[in-house]
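Comments concern the structure below.
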Amino acid sequence: MKTFTPFFLFLSIVLSVQASDIGKRFLPEKYTLIDQTTGIPITVLTKSETNDVKLYQTHPQWTSDGQYIIFRSFNRSADKHEQAFAVSERTGIIIQLTDGKGNNTASLNVARKSNKIYYFRTEGNDYNLIELNLDLLFTDSEQNLVKDRKIYERTIVTLPKNLAESGGFTLDADEKTAYVGVVRLDDALPQTDKNYSFWNVPSGIRAIDLQSGKISTVIDVPFRMGHVQANPFISGEILYCHETGGDAPQRMWITSADGSNNRALFVESPTHWITHETWVDKDHVYFNVMGNTPALRKQATGIFRINVRTDEVFSLGQVNYGAGFWHCNGTSDGKWAVGDNFEGEVYLINCKTGEKTLLTANHVMKPDHTHPTFSPDNTRILIQSGYVANGKYLDLMVINIPDHLKY
């Protein structure tokens, strides 16, 4: 029996490697459809049955080389767990990036300076921050030489047991540090307490050195925070929100990475309902002032821009029907904003003239909203849409800014 042990050990290793779907390639699903309302062509990148979800519009979607869009899928992998994937805009080829249980793809972070992604994964009792080397994985995937996933991954740190991720995490502009929104479990009421509320728990931001894994405190707050997002252009500046699942008394906050200069951004009145803030350039944040009720419409609503240096606020526009805009994004050159609404429409807004152009319509806002995001070169808009599956699943779609609007 001892004579055969090395062979069976080798066979076990081979089967283990083969069992992994890291680097698995899927044939292109890419096709073009013409919007029935606007006549604008839309590139559909994924098929509806797999329920493919884009990353949130506060975070990068494209790899640093601009070749792939990173997304999440709920039904695509063989193990039927939610996993991360990359799709080539040019070829339509889709590559699986994660496999197995425990990957938190809801908070994927795509690096802007290198072809890497970062995410948390539950492994046993540990909650680990993982770095994935995409360049190496893509090369091996193309050559059909994919190895064990540990070759492509690096575990940076295990989150302490007294902290739970809350509000996602973000990469500093220099990509040496991750900022993680956390619930402080030691300071929270037990869920069995009659005064416990999911939306009212002490939280904070922790900085993680991406090389050493060292964890340090940025700030603690008495409420549940969300939408943690570092300034993509200036190191050491973090935007976050008071997350309530609805209308917060003061939604937007901003702090320095050392915890100093923490302050409310756009100080609200009791009649404001602010939501879905996002960085667009080094000095400006776009956000939405809700107009979904007649009472709210008694004041200016829609997409706004705020200068984080001067607090100057400028209205970018609103649609005059329905519940108004919901999510927003903008180009880094300050020319364009994009907004979706509850009617399943996506509008392009010229920030200099205020002109609004309907790009596409009839996107069933199920099972989620379109969450539009501009490409890094400011020429395309990525959305997720329930249009093809009539709200049963989501597809990834890309819309080019029409040529006649560019000049």
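The values are calculated or read from the model by the stated rules, or taken from the named source; none is laboratory data. Remember, predicted model here, so these are calculated numbers, not experimental data. We place every Cβ from the backbone using ideal geometry, glycine too, and count neighbours over all the protein chains shown. Quick note on the areas: whole protein, heavy atoms, side chains included, nothing else; ligands and nucleic acids left out. Shrake-Rupley method; radii C 1.70, N 1.55, O 1.52, S 1.80 Å.
Selection of the stretch 80-137 for residues being assigned to a helix (DSSP H, G or I) and either touching a Cys at 6+ places or on another chain (Cβ under 8 Å) or open to solvent by 10 Å² or more (accessible area, probe 1.4 Å) (or both) yields ASP135, LEU136. Can you confirm whether the stretch 317-333 contains a residue that is touching a strand residue (DSSP E or B) at 6+ places or on another chain (Cβ under 6 Å), modelled with pLDDT of 95 or more and more than 16 Å from VAL289 (Cα to Cα)? The answer is yes, given that some residue of the stretch 317-333 is touching a strand residue (DSSP E or B) at 6+ places or on another chain (Cβ under 6 Å), modelled with pLDDT of 95 or more and more than 16 Å from VAL289 (Cα to Cα).
One residue stands out in the stretch 337-352 among those that are surrounded by fewer than 19 Cβ atoms within 10 Å (Cβ to Cβ) and in contact (Cβ under 8 Å) with a residue 24 or more places away in the chain: the one that is farthest from ILE383 (Cα to Cα), namely ASN350. Has the stretch 324-347 got any residue that is over 18 Å from the mean Cα position of the chain (by Cα) and within 18 Å of TRP62 (Cα to Cα)? Checked against the condition, which is being over 18 Å from the mean Cα position of the chain (by Cα) and within 18 Å of TRP62 (Cα to Cα), the stretch 324-347 yields at least one hit. Looking at the stretch 138-158 only, could you name the residues that are in a loop (DSSP other than H, G, I, E, B), hydrophobic (A, V, I, L, M, F, W, C) and buried (at least 19 other Cβ atoms within 10 Å of the Cβ)? Matches in the stretch 138-158: VAL146 only.
Do we have any residue at all in the stretch 5-27 that's within 30 Å of TYR240 (Cα to Cα), open to solvent by 70 Å² or more (accessible area, probe 1.4 Å) and modelled with pLDDT under 95? The answer is no, given that none of the residues of the stretch 5-27 is within 30 Å of TYR240 (Cα to Cα), open to solvent by 70 Å² or more (accessible area, probe 1.4 Å) and modelled with pLDDT under 95. Evaluation of ARG90 against the conditions (1) farther than 13 Å from ARG25 by Cα; (2) touching a residue at least 24 places away in the same chain (Cβ under 8 Å) shows that the sole unmet condition is (2).
Checking each residue in the stretch 199-220 for being touching a residue at least 40 places away in the same chain (Cβ under 8 Å) and in a strand (DSSP E or B) picks out ILE205, ARG206, ALA207, ILE208, ILE215, THR217, VAL218, ILE219. Looking across ILE93, ILE130, ILE151, one residue alone is closer than 22 Å to PRO232 by Cα and β-branched (Val, Ile, Thr). It is ILE130. Apart from one condition, PHE287 fits all of (1) in contact with a helix residue (DSSP H, G or I) (Cβ under 7 Å, 6 or more places away or on another chain); (2) open to solvent by less than 10 Å² (accessible area, probe 1.4 Å); (3) outside any loop (DSSP other than H, G, I, E, B); the exception is (1). In the stretch 29-46, the residues that are free of Cβ contacts under 8 Å to residues at least 12 places away in the same chain form Cβ pairs under 7 Å with partners that are part of a strand (DSSP E or B) and open to solvent by 50 Å² or more (accessible area, probe 1.4 Å), at six or more places apart or across chains, as follows: ILE34/PRO41. Residues in the stretch 198-233 that are open to solvent by 40 Å² or more (accessible area, probe 1.4 Å) and more than 19 Å from the chain's Cα centre (by Cα): PHE198, TRP199, ASN200, ASP209, GLN211, SER212, LYS214, ILE215, SER216, THR217, ASP220, PRO222.
Checking the structure you have, find out if any residue of the stretch 263-281 is outside any loop (DSSP other than H, G, I, E, B) and farther than 27 Å from VAL218 by Cα. No; the residues of the stretch 263-281 include none that is outside any loop (DSSP other than H, G, I, E, B) and farther than 27 Å from VAL218 by Cα. Might you let me know whether the stretch 296-305 holds any residue that is of a type in the set (D, E, K, R) and part of a loop (DSSP other than H, G, I, E, B)? No, that holds for no residue.
Suppose we keep only residues that are surrounded by 12 or more Cβ atoms within 10 Å (Cβ to Cβ) and aliphatic (A, V, I, L, M) within the stretch 259-281. Which one would you say is nearest to ALA300 (Cα to Cα)? Among those residues, the one meeting the criterion is ILE274.
Considered as a group, the residues in the stretch 387-407 that are open to solvent by 70 Å² or more (accessible area, probe 1.4 Å) and of a type in the set (D, E, K, R) include one that is modelled with the lowest pLDDT, and that residue is LYS406. Considering the stretch 45-61, the residues that are out of contact with any strand residue (DSSP E or B) (no Cβ under 6 Å at 6 or more places or on another chain) and under 22 Å from PHE26 (Cα atoms) include one that is most open to solvent (accessible area, probe 1.4 Å), namely GLU49. Suppose we keep only residues that are modelled with pLDDT of 95 or more and over 16 Å from the mean Cα position of the chain (by Cα) within the stretch 364-386. Which one would you say is most open to solvent (accessible area, probe 1.4 Å)? So, considering only residues that are modelled with pLDDT of 95 or more and over 16 Å from the mean Cα position of the chain (by Cα), the one most open to solvent (accessible area, probe 1.4 Å) is ASP377.
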